[in-house]
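Engineer: Input: one structure, supplied below.
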Amino acid sequence: MKHHYYTLLSILLVSLTLLSACSNTDTPAHAEALLQTVPADPAYVQVLDIDRFIDNNGGKADGSVVKNDERLRKELVTAFPKFDIASLLDGEAGISFTAAVVFADNLQNYLTFRVEDGEKFRAYTSAKTGLKWTQRDKLYTADSLVQSGNQVWLCSKGNFDRISEYAALTKARSFMSNEYAATLSACEHDIAYYVPISAAIDASSMSFSERASLRMALSMVFDNVVAVAGYADAKDKKVEMTADMLDSNGHIAKCNLKLGKIDVAQTAALGGNANTIFAISLPHQLIDQLLKTAESLGGTMPALYKNLLTPLDGTVALATSVTTDMDKTDVPFIASIATTGNQAPLMQSLYGMGLKPVSEGNLLKISVGNYGAGALKVADAAKELEGASAGLVMKNADETLITATVHQHDGGLRLNLGITSPKPVISYLPKLVNPK
């Protein structure tokens, strides 16, 4: 059964990448129809805009056929060598859609989309997987696949009754009643998603006290925060993603922290080459706010932490180098810490940690090990952190470049993530199907 599941998911994932019958102007309506079959309170929900993905990756949809797709076809054949890509391109699967929806409910994940010809789809999947379809009331089922009318679900076997309920949902009882549904259905990106924070915390492996602490922290940092939402786009060798904290009205949740922005010049001045660069803005007003908040909760901050935090006023920047012949526990790095000028408590704490800070005006500099080697030129990589309150730039051994930044956005915070890979994004699809 596990083999069948991965085979089905592979076929559907390739299909999602290839086929679309309508123009982009129809995508919102199709997404709305699918979202109306998602319960009002899912653990998460994603909308996939297939037309946009095809267009960004070398193909043009024309009915159920993809044209001008030589590059896309080559990449898919390389990624899925055992599948009949041509039959999917020719529309033999009977799939015709502009959008797909992925969601979770009651600890089960579902992928759902629409088909143009249900009988054709059943015949195709039977031929490719060896599965037999059976009819149960108004549903057709085959292992992990369920078809109701012109809609298909890929899910865990045995959830037939649940899918019947999803198919019968009214707008008022479905996700379409959510304030953010209109934004998701507009589907202006390859993937748009929405994750209720409470559901995510409840599904985590955290203890009860850890969950309570996290909820308290979020309520202090943000006003009326209830969800995380954002989008992802993939084109050629690059993926870009965002994440926003939303309030119960579907708007950006106000952030109550007194944030600053990274000093890019200070970060660039670290110099040399590195594998990882990290910087964060910690203005004194933010430190003071955090210390007062801790006191208001009745807690006592240990002297070591207080001595580390109190002198901070500005950017803390760090760059690390890694070489193949070094002890992994001894990572060479260089750091620059902006202070109020009262550096004595911080220097004392750093010396107690075995470090040797050097004072240069209001900056403290720290250097450990043979720093200077790496795939990133620090002066150039630091420019990626412009305007951010916190950020990370790193380059892996396989030349994958990762950039993550947190920006102040519409009164709240936005996480931006960029990944540039040496290989086309499509080549990673098989790992999504079966990580092993």
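Engineer: Anything in the stretch 195-236 that is closer than 21 Å to P424 by Cα and modelled with pLDDT under 85? List them, or say none.
Structural biologist: Within the stretch 195-236, A234, K235, D236 qualify.
Engineer: Got a sec? Which strands (runs of 3 or more DSSP E) wholly within the stretch 146-236 have at least 2 residues that are under 19 Å from N249 (Cβ atoms)?
Structural biologist: Correct list: 191-196, 225-235.
Engineer: Of all residues in the stretch 391-414, count the ones that are assigned to a strand (DSSP E or B) and without any contact (Cβ under 8 Å) to a residue 40 or more places away in the chain.
Structural biologist: 7
Engineer: Okay, moving on. In this structure, does M347 turn out to be at pLDDT below 95 and either within 30 Å of M216 (Cα to Cα) or part of a loop (DSSP other than H, G, I, E, B) (or both)?
Structural biologist: So M347 fails the test.
Engineer: Looking at (1) touching a Lys or Arg at 6+ places or on another chain (Cβ under 9 Å); (2) at pLDDT below 90, which one does T300 not meet, given that it meets all the others?
Structural biologist: (1)
Engineer: In the list G59, G91, which residue meets the criterion of being at pLDDT below 80 and within 21 Å of A31 (Cβ to Cβ)?
Structural biologist: G59
Engineer: Could you pull out the residue among A186, A192 that is crowded, with 20+ Cβ neighbours inside 10 Å, in contact with a helix residue (DSSP H, G or I) (Cβ under 6 Å, 6 or more places away or on another chain) and either at pLDDT 95 or above or among the aliphatic types (A, V, I, L, M) (or both)?
Structural biologist: Among A186, A192, only A192 is crowded, with 20+ Cβ neighbours inside 10 Å, in contact with a helix residue (DSSP H, G or I) (Cβ under 6 Å, 6 or more places away or on another chain) and either at pLDDT 95 or above or among the aliphatic types (A, V, I, L, M) (or both).
Engineer: Of the conditions (1) among the aliphatic types (A, V, I, L, M); (2) over 19 Å from the mean Cα position of the chain (by Cα); (3) surrounded by fewer than 19 Cβ atoms within 10 Å (Cβ to Cβ), L154 satisfies every one except a single condition; which number is it?
Structural biologist: With respect to (1) among the aliphatic types (A, V, I, L, M); (2) over 19 Å from the mean Cα position of the chain (by Cα); (3) surrounded by fewer than 19 Cβ atoms within 10 Å (Cβ to Cβ), L154 is out only on (3).
Engineer: (1) surrounded by 15 or more Cβ atoms within 10 Å (Cβ to Cβ); (2) among the charged types (D, E, K, R); (3) under 30 Å from E295 (Cβ atoms): which one isn't true of D244, the others all being true?
Structural biologist: (3)
The values are calculated or read from the model by the stated rules, or taken from the named source; none is laboratory data. Worth saying up front: this structure is predicted, and the values here are computed from it rather than measured. In this analysis, Cβ positions are derived from the backbone assuming ideal geometry, glycine residues included, and neighbour counts consider all displayed protein chains.
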